[in-house]
Structure formats: C-alpha cells, structure tokens
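The structure under discussion appears below in the form of structure tokens.
The values are calculated or read from the model by the stated rules, or taken from the named source; none is laboratory data. As the structure is a prediction and not an experimental result, all values here were calculated from the model. Positions of Cβ are generated from backbone atoms using ideal geometry, with glycine treated the same way; all protein chains shown enter the neighbour counts. Just the protein is used for accessible areas: all its heavy atoms, side chains included, with ligands, DNA and RNA removed. Shrake-Rupley method; radii C 1.70, N 1.55, O 1.52, S 1.80 Å.
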Amino acid sequence: MFAVPFDEIAPMIDRSPAAARQLASRARRRVHGQAPGPDPDLTRQREVVDAFFAAARDGDLDALVAVLDPDVVLRSDGGVVRARHTVVIRGARTVAGQAVTFGQLSPFARPALINGTAGVMVAAQERPLSVMAFTVTGGKIVAIDVLADPERLDQLDLTALDR
C-alpha cells in the first residue's frame, strides 16, 4: 500500500501529486509525534484569528481560505442537547463555508485566551454560546475546536476568558 506512487494516489483523493506528498509528510510527522505546535507569538496568533473573523463577518470566502491551512480540522462539540452533538469538518474550503454561514455571530465574538492560545468566546446578551480555540501554525489556522454544549458551558467559569 505504501509503495503506491503519489501520481496514482492524487486522483483518488482529489489532490495534486505535490499535495498528496505534503499530506503524507504531515501524516508521518503526526504519527511520529512531530506535528508542529502552535506559533509561540500570541500577537501573531491573534492577528490570524481576527482576520478569520473579519473574513467570516464580510462573507469573504477567499480571505477565509487564505488564513486556513489546506488541511484544517474543525471539531465542534454541541453536546447531547443539540441534534448533532459532535461534528468534525476537514479542509479549508469546507471550514470556510461553515465560517461564512456562521459569520453573523462575528459581532458577538470576544477575544479570549484558551489553553494559552488565541481564541474567542461567543456570547449574546451575556449568555455564552460557544468557546472557540484556534491552533495557528506557520501563520495559518490548522485546527479549530468549538465547545457549544450548553450544559458544559454552564459549568465553566468563563469570567476568566473575558480579558
């Protein structure tokens, strides 16, 4: 299976041979525990996250794709209250499309520090709707983790996030 050339793999995954090679390289690093960590510059992280929300608010799909890693992963936990409690979305265009759909929530996003990295708390009328953690690597968003489970949000002390 591993002896299949990238030229043959690429059409199967709807990617170019170079993109297939890059995916394999990233997968090997992750398997070996060498996936790149978040950028250490919190200011740069914040700039990328702010650009993400500005593009989502404006409905600018191209600008969204520009700040997302091609293999970005969005994981959302809506809890048992929501019909689909856990959702995983992959790929820059797909994640960007979701961001445009939820762009109307951008005015309610407040910067927050989540697990030591740039994130946001989305709240309307002082009621938290979600907490979003972003992993920014190489100036691109590689992962977005969303907690939107009302029961779990109610258990969190979100006052510490509001800074």
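Give ALA56, ALA92 a once-over and let me know the one that is open to solvent by less than 80 Å² (accessible area, probe 1.4 Å), within 25 Å of SER16 (Cα to Cα), at pLDDT 90 or above and not β-branched (Val, Ile, Thr). Full working, then the answer.
Values: ALA56 fails: within 25 Å of SER16 (Cα to Cα).
Result of the check over ALA56, ALA92: ALA92.
Evaluate the following for GLY33: is it modelled with pLDDT under 85 and open to solvent by less than 30 Å² (accessible area, probe 1.4 Å)? Break it down stepwise before answering.
Working: modelled with pLDDT under 85: yes; open to solvent by less than 30 Å² (accessible area, probe 1.4 Å): no.
So GLY33 does not fit the description; no.
Filter the range 105-130 down to residues that are of a type in the set (A, V, I, L, M), under 24 Å from ARG44 (Cβ atoms) and without any contact (Cβ under 8 Å) to a residue 24 or more places away in the chain, then give me how many there are.
1
Pairs only if they're at least six apart or on different chains, beta carbon under 8 angstrom, first in the range 59-76 and touching a residue at least 24 places away in the same chain (Cβ under 8 Å) and in a strand (DSSP E or B), second surrounded by fewer than 20 Cβ atoms within 10 Å (Cβ to Cβ) and among the polar types (S, T, N, Q); list them, first residue then second.
Once the first residue is touching a residue at least 24 places away in the same chain (Cβ under 8 Å) and in a strand (DSSP E or B) and sits in the range 59-76, its partners that are surrounded by fewer than 20 Cβ atoms within 10 Å (Cβ to Cβ) and among the polar types (S, T, N, Q) give ASP69/THR137; LEU74/GLN98; ARG75/THR86; SER76/THR86.
Looking at ALA124, ALA99, can you tell me which residue is open to solvent by 20 Å² or more (accessible area, probe 1.4 Å) and touching a Phe, Trp or Tyr at 6+ places or on another chain (Cβ under 8 Å)?
On the way: ALA99 fails: open to solvent by 20 Å² or more (accessible area, probe 1.4 Å).
Going through ALA124, ALA99 in turn, the sole match is ALA124.
So the check is Cβ under 7 Å with 6+ separation or different chains; which pairs have a first residue in the range 6-30 that's more than 13 Å from PRO70 (Cα to Cα) and basic (Lys, Arg) and a second one that's modelled with pLDDT under 75 and surrounded by fewer than 16 Cβ atoms within 10 Å (Cβ to Cβ)?
ARG29/ALA35
Quick check on the range 65-76: of everything there that is more than 17 Å from ALA118 (Cα to Cα) and of a type in the set (A, V, I, L, M), which residue is least open to solvent (accessible area, probe 1.4 Å)?
Per the criteria, the residue is VAL65.
Quick one: in the range 142-163, which of the residues that are assigned to a loop (DSSP other than H, G, I, E, B) and within 21 Å of ASP41 (Cα to Cα) is modelled with the highest pLDDT?
Looking only at the range 142-163, we keep the residues that are assigned to a loop (DSSP other than H, G, I, E, B), and these are 148-149, 156-157, 161-163.
Going one step further and asking which of them are within 21 Å of ASP41 (Cα to Cα), we end up with 161-163.
Values: LEU161: 51, ASP162: 47, ARG163: 45.
Here the residue is LEU161.
Collect the residues in the range 134-157 that are among the small types (Gly, Ala, Ser) and crowded, with 16+ Cβ neighbours inside 10 Å, keeping them in residue-number order.
Going residue by residue through the range 134-157, those that are among the small types (Gly, Ala, Ser) are 138-139, 143, 148.
ALA143, ALA148, listed by residue number.
Output yes when any residue across the range 108-119 is closer than 21 Å to VAL88 by Cβ, open to solvent by 70 Å² or more (accessible area, probe 1.4 Å) and modelled with pLDDT under 90, and no when none is.
The initial filter retains those residues of the range 108-119 that are closer than 21 Å to VAL88 by Cβ, namely 114-115, 117, 119.
Going one step further and asking which of them are open to solvent by 70 Å² or more (accessible area, probe 1.4 Å), we end up with 115.
Subset that is modelled with pLDDT under 90: 115.
Scanning the range 108-119 turns up at least one residue that is closer than 21 Å to VAL88 by Cβ, open to solvent by 70 Å² or more (accessible area, probe 1.4 Å) and modelled with pLDDT under 90.
Given the criteria open to solvent by less than 20 Å² (accessible area, probe 1.4 Å) and under 22 Å from THR86 (Cα atoms), does VAL131 qualify?
Working: open to solvent by less than 20 Å² (accessible area, probe 1.4 Å): yes; under 22 Å from THR86 (Cα atoms): yes.
So VAL131 passes the test.
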